[in-house]
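Since every read-out is calculated from the coordinates, none of them should be taken as a lab result. Note that the structure is a prediction, hence the values are computed from the model and not measured.
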Amino acid sequence: RAGQGYQVNKPSLELIGKQGFAKTALRPSGKIDIDGVWYDAVSNDGFIDSGVPIVVNKIENYNVIVKRLNS
């Protein structure tokens, strides 16, 4: 039942192309911030340091896949 445990929601495909920044270092996984909302993400662009601008590349299963904005 809802509210009686942790639920995992698949990230929306609307995130693809959105820009934000790494909230934590992505090695290759970590947290990103898009429009003030934090997401778990995985970098397909190697290590990305905290504060670096990112863009959402794709949604794969339950993962938000990102790369550096200027790469």
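Results, tabulated for the structure shown:
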item	result
The stretch 5-44: C-alpha gyration tensor shape, a/c 1.5 cut-off, then a/b vs b/c	oblate
For the chain: relative contact order, % (alpha-carbon pairs under 8 angstrom, 6 or more apart)	31 percent
The stretch 5-71 - share of DSSP beta bridges that are antiparallel (%, nearest 5)	85 percent
Long-range HN-HN contacts of Val66 with modeled amide H, under 5 Å	Val42, Ser43, Asn44, Asn57
The chain: C-alpha gyration tensor shape, a/c 1.5 cut-off, then a/b vs b/c	prolate
